[in-house]
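Beneath this line is the structure, given in structure tokens, with notes to follow.
What follows is calculated from the coordinates using simple rules that are stated; it is not laboratory data. Just so you know, these numbers come straight off a predicted model, no measurement behind them. Don't worry about glycine lacking a Cβ; one is built from the backbone with ideal geometry, like all the others, and counts go over all protein chains shown.
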Amino acid sequence: MLLEAPIETPDLILRSLDASFARAPYAIWMRDPVVTRYLEVRFAPPDEAALAAYIDRMNASAGDLLLGLFLRAEPERHIGNIKLGPINRHHLAAPIGIAIGATEFWGKGLATQAVSALADHAFAALGLERLEAGFYGPNQSSQRAFQRAGFVLEGCRRGARLCEGVRTDEVLMGSLRAQPRAQGKDSR
């Protein structure tokens, strides 16, 4: 699905991507072991053609929304992506995932801003009632970003993931439309 108009936060512009964004920097992030440490894509890093096809597939989907994160101060500077979906229309729910590939922007509160803004859009414009997120246990930075965006800890799947050869927990968080939400600083 394509976004009709960009979503803005104090520091970011969230907007739909086209296949031209499959080149650098996106393609480089997907091969960077630091960026992909807690992402499933690390098992099969895509090339530019696969990324372009992925972007096209997300844009054509009625139940997925892939957005690029761009700096308001540098509107052409693509620093990461955030994804909503697949949307479950029966339960009015969807997962959210985010990756800030430009590591120099980690710890600046941008993940929290992006998650909050997309959650607000999902609840208000898309009519969703529940959002979900899952994290590798050691990924404390993402957990804090989502918590600051109003998500609450819902559970833990013990030993559900393998990270760098070590069995680790999967932490589950969620947010409900009726739940109060906030925008804070991300400490990543």
* Structure fact -> Counting sequence-distant residues (5 or more places) and residues on other chains, those with an amide H built under 5 Å from that of GLY150 are ALA182
* Structure fact -> Given unit charges at Cβ for Lys, Arg (+) and Asp, Glu (-), the dipole magnitude of the stretch 31-75 about its Cα centre in debye, nearest 20, is 160
* To do: Express the relative contact order of the chain as a whole percentage, based on alpha carbon pairs under 8 Å and six or more residues apart in sequence.
  => 19
* Going through the stretch 1-64, which GluC sites (Glu not before Pro) have at most 15 other Cβ atoms within 10 Å and a DSSP loop state? -> GLU4
* Any idea what log10 I(q)/I(0) is at q = 0.15, 0.16, 0.21 Å⁻¹ for the stretch 1-159, Debye with uniform C-alpha scatterers and no solvent? -> -0.80, -0.92, -1.67
* Structure fact -> For the stretch 33-40, in residue order, the Karplus 3J(HN,Hα) values (coefficients 6.51, -1.76, 1.60; θ = phi - 60°; whole Hz; Gly and Pro = x) are x, 6, 5, 9, 3, 10, 10, 5
* **Computed [θ] at 222 nm, helices only, for the chain once each DSSP H run of length n ≥ 4 contributes -39500 (n - 2.57)** => -6500 deg cm²/dmol
* **Residues VAL41, VAL115, VAL34 arranged by fewest to most Cβ contacts within 10 Å** => VAL34, VAL41, VAL115
* Based on other C-beta atoms within 10 Å, arrange LEU153, LEU17 from fewest to most. => LEU153, LEU17
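What is the dipole size for the stretch 7-176, taken about its Cα centre, with +1 at each Lys and Arg Cβ and -1 at each Asp and Glu Cβ, in debye to the nearest 20? Present the calculation step by step, with values, prior to reporting the outcome.
Numbers: 18 positive and 19 negative charges, 76 e Å.
Computed about the Cα centre, the dipole is about 360 debye.
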